[in-house]
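What follows is a short report on a single structure.
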Amino acid sequence: MRRDPSSRISRTLEWMLLAIGVACLARYGWLSYQIQRIESDNRTAVTRMLAERPLAPEPSALEPFALPGASPDPGLIGELDIPRLRLSAAVRLGDDANVLAGAVGYLPDTALPWEPGNSVFAAHRDRLFRSLARIRAGDEIRLSTRHGEFQYRVSRTFVVNPGDVWVLAPAPDVDLTLITCYPFVFVGHAPRRFVVRAQKIGAALDARDAHHL
C-alpha cells in the first residue's frame, strides 16, 4: 500500500515545527537562567558593598567604591526595595542593555539620591519592575546606598509618551522617579511609559550613624 505524499509532507512539517518549538523553549530557558544569574550576582555585590561601606563617605560624587580585596565597582549605586510589592533589586549606573539585564538603572544625568533633586531609575516592565503594575500612592520605597539609607513615599503614578523627557527634570516635591515601559502586558516594544513619583520622608541615616547603632 502506497503512502499518500501529502501525509508524508504533513508529518515532516509536524516534526520540523516540534523541533523549532523545542529549540525556542531551550533558548528561552537559557536566557532566563542567564538573567537570574546576573540579578543574583548584582544582589550579592550590593549586599557586600552595604556591609563594608566606609564610615564617613563624602556625598559629592560617584567615586569608585573598593571592597577589601576586590576591584572597585563605581557603577554600583545601592539597593532599591518596595516592601509591599516584595521588590528588591540592585541599582547600577546607566540605562544600557547590559545594566538593565540584571539591575535597576540609575540615569546619570539626574540627581544622585544623596543630593537634592529628582533621582530617576528605570528597569524592564517584564523583569525587575513587573510588580510596579500594582504600586499605589502611599507605598514606601527604600534606597540603601554607601552614603546612607533613604526612604520615600509614592505620591502619584501616571503614563506618558517616550518623548516626554520632562519627567527627568527637577520638579517641586519630587525626589524619586521610577520609569518602565507600558502597558505591562504587551507583545513587542511597548508604546508608552509608566511613571512613579515619590518624595523623601524623614532624614537619611548615614553610614556613620549606622555604625554607632
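The values are calculated or read from the model by the stated rules, or taken from the named source; none is laboratory data. Keep in mind it's a predicted model, so treat the numbers as computed, not measured. Neighbour counts are summed over all protein chains in view; Cβ atoms, including those assigned to glycine, are modelled from backbone coordinates with ideal geometry.
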Exercise for the section: Kindly list, by first and then second residue, each pair from a residue in region 144-155 that is closer than 18 Å to LEU85 by Cα to a residue that is modelled with pLDDT of 95 or more and among the β-branched types (Val, Ile, Thr), limited to pairs with Cβ atoms under 7 Å and residues at least 6 apart or on different chains. Expected result: TYR152/ILE141; VAL154/ILE135; VAL154/ILE141; VAL154/VAL196
Exercise for the section: Answer yes or no: is there a residue in region 49-69 that is at pLDDT below 65, within 20 Å of the chain's Cα centre (by Cα) and loosely packed, with under 15 Cβ neighbours inside 10 Å. Expected result: yes
Fill in the blank from the handout: With the first residue restricted to region 89-116 and required to be at positive phi, and the second required to be in a strand (DSSP E or B) and surrounded by 17 or more Cβ atoms within 10 Å (Cβ to Cβ), Cβ contacts under 7 Å at 6 or more apart or on different chains are GLY94/GLY105
Completion exercise
In the set GLY105, GLY75, the lone residue that is crowded, with 17+ Cβ neighbours inside 10 Å, over 12 Å from the mean Cα position of the chain (by Cα) and either at pLDDT 60 or above or within 24 Å of ARG134 (Cα to Cα) (or both) is GLY75
Completion exercise
Heads up, the strands (runs of 3 or more DSSP E) in region 111-194 (entirely inside) with at least 1 residues that are surrounded by fewer than 20 Cβ atoms within 10 Å (Cβ to Cβ) are 140-145, 148-160, 176-182
Practice task
List every residue pair whose Cβ atoms lie under 9 Å apart, where the two residues are 6 or more positions apart in sequence or sit on different chains, the first residue falls within region 180-191 and is closer than 23 Å to LEU107 by Cα and modelled with pLDDT under 90, and the second residue, located anywhere, is crowded, with 18+ Cβ neighbours inside 10 Å and of a type outside the set (S, T, N, Q).
Solution key: HIS189/CYS181
